[in-house]
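The values are calculated or read from the model by the stated rules, or taken from the named source; none is laboratory data. Owing to the predicted nature of the structure, the values given are computational and were not obtained by experimental measurement. Because the Cβ atoms are built from the backbone with ideal geometry, glycine has one as well, and the counts that use them run over all protein chains shown. Just so you know, the surface numbers come from the protein's heavy atoms only, side chains and all, with ligands and any DNA or RNA stripped out. Shrake-Rupley method; radii C 1.70, N 1.55, O 1.52, S 1.80 Å.
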Amino acid sequence: MVSEEKKPRDRAPRQAGKTSGRVTLPMLALKDAVVFPRMVVPLFIGRERSLASVEVSLEENSPIFLVTQQNPDVEEPTLSDLYRVGTIAKIVNALRLPDGNMKIVVEGLGRGTLEDMRYRPELRGRITPVESFYPEDRELQGKMRAVLHQFEEYVRLTQRVAPEIFMSIQNMTDPDMFTDTVCAFLFVAVHERQALLEAIDVSRRLEQIALLLEREIELARIEQKVRSRVREQIERSQRMHYLQEQLKVIQQELGERDEEFGDVDDLKKKIERKKLPREVREKVEEELARLQRIPFMSPESSVVRGYIDWILDLPWRESTKEAIDLDRAKQILDEDHYGLKKVKERILEYLAVRKLSRGAKGPILCLVGPPGVGKTSLGQSIARAMGRKFVRVSLGGVRDEAEIRGHRRTYVGALPGRILQGMKQAKVVNPVFMLDEVDKMSMDFRGDPSSALLEVLDPAQNAHFSDHYLEVGYDLSQVFFITTANDEYAIPLPLHDRMEIVELPGYTLEEKLQIARGFLIPRQVRENGLQADQLILPEETLRHIIQRYTREAGVRELERSIAALCRKTARHIVEGNGATNPEISPALAEEWLGPPPYPSTSIEKESETGVALGMAWSASGGDLLRIETSLMKGKGTHLLTGRLGEVMKESAAAAFTWIRAHADEFPLPADFYKNYDIHVHVPEGATPKDGPSAGVAILISMLSALTGTPPVPALSMTGEITLRGRVLPVGGIKEKVLAARRSGITRVIMPRENQKDFPDLPEEVLREIQFDLVDTVDQVIDIALPGVRKPKKGGSKTKGAARKRKKAPRQEENRAD
């Protein structure tokens, strides 16, 4: 510790060798210690002469001279055993200890030279005080600054000196005080500290301090590196070794067997029993030999052991025996799912091929359809029909390639990918493997999982599937892969190319009735603890629920409504309300389920001016688009709202251009596009909408608003338009038509080229809906807005034909452009 000093005033340079008169003082011979002036340090006194010297100093209230022995082993030092330069100090505090020794605290006052000494009960010496000297120049200031920077680095590296000490030294301006204070906290050998004490020249003392600090800083850096390496080695090896030894002792005390050799023997037996391919057997035997060389409790041991366990847990030759019976398979598929003829036919075709050729490779089926149509449950039925085990892996939200291919064993906690994890769960090499939600994978900086699936789903490559963790090829050629997706267009093209797309469209009202009667109601009755005759649900009520409480392509919402009725019935039975169970009428269903969220039909009984009904396709099925157009006096601006995509905006622009080009055919003023602002809006603005199929509906909506003529009621339409007035075919016809039928539409306008989609439509839909097939926009207008055209006058036909002939070259020029 350092005594607190007031900041000294600037003084003139001290003269060299300036001394005071000789004095006789009691002495203390110190072992392995050097005390500097202005240094406060505790000392323990035990020798008799030293105790006597302290007692004399305290009695006489005089300073005491502290000098260091050259040989600390000498108990009775003589003059020749002592250094000649020491420190004159005063005793600040003294404490007698119970064992007779003393603890004193001394503070250095200044340097002194020992001239002679005498032996009494105490040691006394003739001392000549000596003052340090230094020149007051810039060189000295530079040396002080350099030593200060070195001392700061020394304090940081060694962490032996408190930061407060450095702060106090930093504020010192007296060179003598500065050097003595630095020396006091410099942990070097005794003879080096003595040399600093004997340096009367402060400039020379600074040079010696700089050399010592440079050496100590370099040693501290080396020590820090060594300490870091030693710490790591202790943590990794020595600490683990101690724990291993302790664990062995504990196991011996508990009487447990030697697990190391026992586990290795067990693994050898498993390897012998397991029918492994030659390459895999060589790899696992190599890892087993490596496991025997590694210490039992080493971290590497658990990694190798985990790898061997994975090899032995995976199926390599185990398979399920197939008993292919097409009649039984068809019966199982019909029991579990209603309809879905295309999918069932494809499965039966594959089974027939398997029965004729056992070496046929499994197909890669992709079931595409809206949510709730039974894609996932169909995979389970396929496995049951084929007599195979079923494994399902959900890929929704997967964005890391390692989820498919696994992590390399160099990573902590590495595991195989989901494909091999599913194979371990199946325990056979020929399961039905479902990859669910394959369209909802994404990618980031960790890789593209869809690219990793290319090898899995390619029959030409998956016989040697490479997993990063396994490091050996795995045969997936016998696996029957099935993928599911809601949006076919969200599947990456390379992956799409490797799969056979099987579409599962939405269900019609009649299909939902059959599914509810055959599957949903029995399942909910069973799950809610009811008997089959306790739920009385007439067909009228079931139709009411489908039409007023659901608006979906699948049957999940319908099943939730049926489950709610089952719970209400169960409560009615438990509470004992009535002797018999009530028949659930539509009115009672509304009382139990609450007000219907959907109206009886989603269209108005009477059409409105400027409102046309389009049809849209989405991943969740079809839906109707209500397209509204309003006119306002203005400067001819166009406004499109409803979160429309670029393609849909272009369709609106094409529709308006066509109307302007044919304005003379309708009761429109010649400059309507200059004096009116047109606003086209598609409700449900939070839902993004895009695509060209709403072109005819937008045109009818605009023309209806401009002419003030409402369209035909209960009419919806779809089709892409061109500037020449052609109506082009669109996709998703079945989903769109089913959505129109659910909403009460009785008449649909569609492109003539979409007549090829009629075989996919249910018969009842073809009976109930009138389809108008069109080729041009003129046909659409005549159907949707009958009588909107101007009446023809005499001679107008000839003039119109002439006008068309006159404009023909310009149209050809535009087409060429």
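When residues in the stretch 663-673 are screened for being surrounded by 14 or more Cβ atoms within 10 Å (Cβ to Cβ) and without any contact (Cβ under 8 Å) to a residue 24 or more places away in the chain, 1 of them pass. Here LEU148, LEU140, LEU206, LEU197 are screened, and the one residue that is within 30 Å of ASP116 (Cβ to Cβ) and outside any loop (DSSP other than H, G, I, E, B) is LEU197. Close contacts from the stretch 126-140, counting a first residue that is modelled with pLDDT of 85 or more and a second that is assigned to a strand (DSSP E or B) and basic (Lys, Arg), with Cβ to Cβ under 6 Å and a gap of 6+ residues or different chains, come to VAL130/ARG111. Residues in the stretch 121-147 that are more than 60 Å from the chain's Cα centre (by Cα) and either among the acidic types (Asp, Glu) or open to solvent by less than 20 Å² (accessible area, probe 1.4 Å) (or both): GLU122, LEU123, GLY125, ILE127, THR128, GLU131, SER132, TYR134, GLU136, ASP137, GLU139, LEU140. Per the listing GLY529, GLY473, GLY518, the residue uniquely open to solvent by 30 Å² or more (accessible area, probe 1.4 Å), on the phi > 0 side of the Ramachandran plot and not aromatic (Phe, Trp, Tyr) is GLY529. Using the structure shown, decide if ILE222 is in a helix (DSSP H, G or I), open to solvent by less than 30 Å² (accessible area, probe 1.4 Å), of a type in the set (A, V, I, L, M) and modelled with pLDDT under 90. No; evaluated as a whole, the condition is false for this residue. Of all the numbered requirements in (1) open to solvent by 30 Å² or more (accessible area, probe 1.4 Å); (2) touching a residue at least 60 places away in the same chain (Cβ under 8 Å), PRO98 misses one, and that requirement is (2).
Where in the stretch 273-376 are there helices (runs of 4 or more DSSP H), lying wholly inside it, with at least 2 residues that are without any contact (Cβ under 8 Å) to a residue 12 or more places away in the chain, of a type in the set (Gly, Ala, Ser) and more than 20 Å from MET434 (Cα to Cα)? Reasoning before the result, please.
Numbers: elements: 278-293, 299-313, 326-336, 341-356.
Once the helices (runs of 4 or more DSSP H) in the stretch 273-376 are filtered for at least 2 residues that are without any contact (Cβ under 8 Å) to a residue 12 or more places away in the chain, of a type in the set (Gly, Ala, Ser) and more than 20 Å from MET434 (Cα to Cα), what remains is 299-313.
Take ARG392 and decide whether it is at pLDDT below 85 and open to solvent by 30 Å² or more (accessible area, probe 1.4 Å). In short, no. The set of residues from the stretch 347-379 being open to solvent by 30 Å² or more (accessible area, probe 1.4 Å) and under 18 Å from GLN514 (Cβ atoms) comprises just one member, SER377. Restricting the stretch 455-470 to residues that are assigned to a loop (DSSP other than H, G, I, E, B) and aliphatic (A, V, I, L, M), the residue that is most open to solvent (accessible area, probe 1.4 Å) is ALA460.
Does any residue of the stretch 679-686 turn out to be of a type in the set (A, V, I, L, M, F, W, C), touching a strand residue (DSSP E or B) at 6+ places or on another chain (Cβ under 8 Å), touching a residue at least 12 places away in the same chain (Cβ under 8 Å) and closer than 14 Å to GLY614 by Cα? If you could, list the steps in order and put the result at the bottom.
Initial filter on the stretch 679-686 (of a type in the set (A, V, I, L, M, F, W, C)): 680, 682, 686.
Among the residues that remain, those that are also touching a strand residue (DSSP E or B) at 6+ places or on another chain (Cβ under 8 Å) are: 680, 682.
Filter once more, so that each one left must be touching a residue at least 12 places away in the same chain (Cβ under 8 Å): 680, 682.
Of the ones still in play, those that are also closer than 14 Å to GLY614 by Cα are 680, 682.
Scanning the stretch 679-686 turns up at least one residue that is of a type in the set (A, V, I, L, M, F, W, C), touching a strand residue (DSSP E or B) at 6+ places or on another chain (Cβ under 8 Å), touching a residue at least 12 places away in the same chain (Cβ under 8 Å) and closer than 14 Å to GLY614 by Cα.
Examine the stretch 674-695 for a residue that is of a type in the set (Ser, Thr, Tyr), assigned to a loop (DSSP other than H, G, I, E, B) and under 19 Å from GLU628 (Cβ atoms), and state whether such a residue exists. Looking for residues that are of a type in the set (Ser, Thr, Tyr), assigned to a loop (DSSP other than H, G, I, E, B) and under 19 Å from GLU628 (Cβ atoms), one finds at least one in the stretch 674-695, hence yes. Scanning the stretch 623-636 for residues that are surrounded by 14 or more Cβ atoms within 10 Å (Cβ to Cβ) and among the basic types (Lys, Arg) gives a single hit, ARG626. Of the residues making up the stretch 427-441, those that are surrounded by fewer than 21 Cβ atoms within 10 Å (Cβ to Cβ) and outside any loop (DSSP other than H, G, I, E, B) number 2.
Determine whether the stretch 407-423 contains at least one residue that is touching a Pro at 6+ places or on another chain (Cβ under 8 Å), assigned to a helix (DSSP H, G or I), modelled with pLDDT under 90 and open to solvent by 20 Å² or more (accessible area, probe 1.4 Å). So far as the stretch 407-423 goes, no, none of its residues is touching a Pro at 6+ places or on another chain (Cβ under 8 Å), assigned to a helix (DSSP H, G or I), modelled with pLDDT under 90 and open to solvent by 20 Å² or more (accessible area, probe 1.4 Å).
Filtering the stretch 501-543 to residues that are farther than 30 Å from GLY732 by Cβ, in contact with a strand residue (DSSP E or B) (Cβ under 9 Å, 6 or more places away or on another chain) and not in a loop (DSSP other than H, G, I, E, B) leaves ILE536, THR541.
Any idea which of GLU500, GLU557 is open to solvent by less than 50 Å² (accessible area, probe 1.4 Å) and either of a type in the set (Asp, Glu) or more than 32 Å from the chain's Cα centre (by Cα) (or both)?
Details: GLU500 fails: open to solvent by less than 50 Å² (accessible area, probe 1.4 Å).
Residue meeting the stated conditions: GLU557.
Taking the stated definitions as given, is ARG560 without any contact (Cβ under 8 Å) to a residue 12 or more places away in the chain and either touching a helix residue (DSSP H, G or I) at 6+ places or on another chain (Cβ under 8 Å) or not acidic (Asp, Glu) (or both)?
Numbers: without any contact (Cβ under 8 Å) to a residue 12 or more places away in the chain: yes; either touching a helix residue (DSSP H, G or I) at 6+ places or on another chain (Cβ under 8 Å) or not acidic (Asp, Glu) (or both): yes.
Yes: the conditions hold for ARG560.
Checked against the criterion of being open to solvent by 60 Å² or more (accessible area, probe 1.4 Å) and modelled with pLDDT of 85 or more, the candidates LEU613, LEU644, LEU639, LEU588 yield just one match: LEU639.
Applying the condition of being more than 52 Å from the chain's Cα centre (by Cα) and among the hydrophobic types (A, V, I, L, M, F, W, C) to the stretch 761-783 and asking which residue is surrounded by the fewest Cβ atoms within 10 Å (Cβ to Cβ) yields ILE783.
Quick one: would you say GLN150 is within 22 Å of ARG215 (Cα to Cα), touching a helix residue (DSSP H, G or I) at 6+ places or on another chain (Cβ under 7 Å) and either exposed (fewer than 13 other Cβ atoms within 10 Å of the Cβ) or basic (Lys, Arg) (or both)?
no
Residues that are open to solvent by 10 Å² or more (accessible area, probe 1.4 Å), under 20 Å from ALA553 (Cβ atoms) and part of a loop (DSSP other than H, G, I, E, B) within the stretch 723-760 comprise VAL730, GLY731, GLY732, GLY744, listed in sequence order.
If you check VAL182, VAL161 for being within 29 Å of GLN69 (Cβ to Cβ), outside any helix (DSSP H, G or I) and open to solvent by less than 30 Å² (accessible area, probe 1.4 Å), only one passes: VAL161. Looking across the stretch 110-120, just one residue is crowded, with 16+ Cβ neighbours inside 10 Å and closer than 21 Å to GLU59 by Cα, and that is MET117.
Of all the numbered requirements in (1) within 14 Å of PHE151 (Cα to Cα); (2) at pLDDT below 85, PHE185 misses one, and that requirement is (2). All conditions but one from (1) of a type in the set (D, E, K, R); (2) under 27 Å from ARG273 (Cα atoms); (3) crowded, with 18+ Cβ neighbours inside 10 Å apply to LYS344; the one that does not is (2).
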